[in-house]
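The values are calculated or read from the model by the stated rules, or taken from the named source; none is laboratory data. This one's a predicted model, so the numbers in the text were calculated from it and none came from an experiment. Cβ placement follows ideal geometry from the backbone for every residue including glycine, while neighbour counts extend to all protein chains displayed. For the accessible areas, the whole protein counts, side chains as well, though only heavy atoms, and no ligand, DNA or RNA atoms are used. Shrake-Rupley method; radii C 1.70, N 1.55, O 1.52, S 1.80 Å.
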Amino acid sequence: MTIRETWRRWADEDRQVQDSAVRRNLQVLSLAAWVLVALNAVHIAVFGLLTFDEPVRDGWARQIATAHGAMAVVMALTGWLARRLHARPVLPIVGRILPLAVSAVVLAWAIVLTVMDQAVSSSVNPYVNAAVGVAIVLLLRPSTMVGLMGMAWVALAWVLGGTTDDPAVLATNRMNAASATALAILVSILFWRHYARTELLQRALAESNRQLEAQRAELEALATRDPLTGLLNRREFVRQAEHELARARRLGAPLSLIMLDLDHFKTINDRHGHAVGDEVLRQTARHMAGSTRQTDRVARFGGEEFVLLLPDTSAEQAWHLADKLREGLARVCIPTLGVPVTASLGVASVLGTESVTLEAVLHRADQAMYEAKRSGRNRTVVAADAGTGAA
């Protein structure tokens, strides 16, 4: 594999992981946002009820309550929007940028809270909680996370410079924020790598399962279908016909069988070639399959011979269907042939009350078909023990 191919494969895998991560982030946001709304409500209640004798602390409590109120509104809108976007089959651009935008808003809000807290303490806990929370809750690409957290720390370090004149406190706060930033980046990278590995493995497994299913379907088709016409092959037809015959006996229902043999097929092969002969077989199969019910069974029995099983069908009904097949086949146009395709058909029927084997029913239909051949071809004959008729 060349470097360019490797790069394209990596880019494709990265794009797949990103698309999946965006969906996952929207799903998480649709739930996590309401958890944050609840936490904001608790903070609003606590800090809104706090009263202090000192104007500075009292103003600080009011500011904290107001900040949490604003964030509660933002999170409520985020949860509503994330839920709607996640339900869409195709994400608009706002759906792709929403997780990153929410991360930036949460970090900016945490910086504001941290600055507010400097009025009563030297804590940077709001920023630490937000940084680690973003890393744990949302999946962001490592490069995106490094850029976002780097800018957040720079912004916090800069604004902290205006909150204290004590170099020791300022250095401690900046280093604590830097440690939280580094930890958040590390956690985010580890989570992203784990998610990417899992996602790619799941996709590979899904693709492997798809290929196995396709192979299984292909093997099943090879085992049960005629490769030229796509109809059931002889073995599968016999298996299904035995099942239908047993069902007819159990329910006392009629069952009919039609044998169809193309007229002068050897002449077609000799005069026009086997490619034309194959096309005649395919067109015949297509015509028969398109003229029957879903419950009927159509098979290529061998060479130019076809068989049609008709559950819950009387001899008279089967004869009418067989004759319609014969007439319709004569109208099928095969340009390379130049002449109509005709067939001789034999019909055999049994009642569910009869104790007869499938082999016997096939023999009856076969004899009726050969009677149609002997009678001049291009006609339909019903087996003598099921009533007679010809056309």
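May I ask you to verify whether THR163 is outside any helix (DSSP H, G or I), crowded, with 16+ Cβ neighbours inside 10 Å and polar (S, T, N, Q)? Taking the combined requirement at face value, the residue satisfies it.
Going by the structure shown, is LEU228 aliphatic (A, V, I, L, M), part of a loop (DSSP other than H, G, I, E, B) and more than 22 Å from SER103 (Cα to Cα)?
On the way: aliphatic (A, V, I, L, M): yes; part of a loop (DSSP other than H, G, I, E, B): yes; more than 22 Å from SER103 (Cα to Cα): yes.
Yes.
For region 323-353, residues that are in contact (Cβ under 8 Å) with a residue 12 or more places away in the chain and either small (Gly, Ala, Ser) or not in a strand (DSSP E or B) (or both) total 21. Among the numbered conditions (1) under 30 Å from SER103 (Cβ atoms); (2) open to solvent by 30 Å² or more (accessible area, probe 1.4 Å); (3) within 33 Å of the chain's Cα centre (by Cα); (4) of a type outside the set (A, V, I, L, M, F, W, C), the only one that GLN215 does not meet is (1). Quick one: is LEU358 touching a Lys or Arg at 6+ places or on another chain (Cβ under 7 Å) and among the hydrophobic types (A, V, I, L, M, F, W, C)? It is false that LEU358 is touching a Lys or Arg at 6+ places or on another chain (Cβ under 7 Å) and among the hydrophobic types (A, V, I, L, M, F, W, C).
The single condition from (1) modelled with pLDDT under 90; (2) over 30 Å from the mean Cα position of the chain (by Cα) that ARG203 fails is (2).
Any residue at all in region 289-312 that's under 23 Å from LEU255 (Cα atoms), of a type in the set (Gly, Ala, Ser), assigned to a strand (DSSP E or B) and open to solvent by 30 Å² or more (accessible area, probe 1.4 Å)? Yes, region 289-312 contains at least one residue that is under 23 Å from LEU255 (Cα atoms), of a type in the set (Gly, Ala, Ser), assigned to a strand (DSSP E or B) and open to solvent by 30 Å² or more (accessible area, probe 1.4 Å). In region 40-92, the residue that is nearest to LEU138 (Cα to Cα) out of those that are among the polar types (S, T, N, Q) and open to solvent by 40 Å² or more (accessible area, probe 1.4 Å) is THR66. Count of region 324-366 residues, restricted to those that are closer than 12 Å to LEU255 by Cβ, open to solvent by 60 Å² or more (accessible area, probe 1.4 Å) and at pLDDT below 85, is 2. Applying the condition of being touching a residue at least 24 places away in the same chain (Cβ under 8 Å) and among the small types (Gly, Ala, Ser) to region 237-274 and asking which residue is surrounded by the most Cβ atoms within 10 Å (Cβ to Cβ) yields SER256. Only one entry of LEU308, LEU345 meets the criterion of being under 17 Å from GLY230 (Cα atoms) and touching a strand residue (DSSP E or B) at 6+ places or on another chain (Cβ under 6 Å), and that entry is LEU308. Apart from one condition, MET175 fits all of (1) among the hydrophobic types (A, V, I, L, M, F, W, C); (2) open to solvent by less than 50 Å² (accessible area, probe 1.4 Å); (3) over 30 Å from ARG24 (Cα atoms); the exception is (2).
For (1) outside any helix (DSSP H, G or I); (2) basic (Lys, Arg); (3) open to solvent by 60 Å² or more (accessible area, probe 1.4 Å), each residue gets a yes or a no:
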residue: ILE97; (1), (2), (3): no, no, yes
residue: LEU100; (1), (2), (3): no, no, yes
residue: SER103; (1), (2), (3): no, no, no
residue: TRP109; (1), (2), (3): no, no, no
residue: VAL112; (1), (2), (3): no, no, yes
residue: MET116; (1), (2), (3): no, no, no
residue: SER121; (1), (2), (3): yes, no, no
residue: VAL128; (1), (2), (3): no, no, no
residue: VAL132; (1), (2), (3): no, no, no
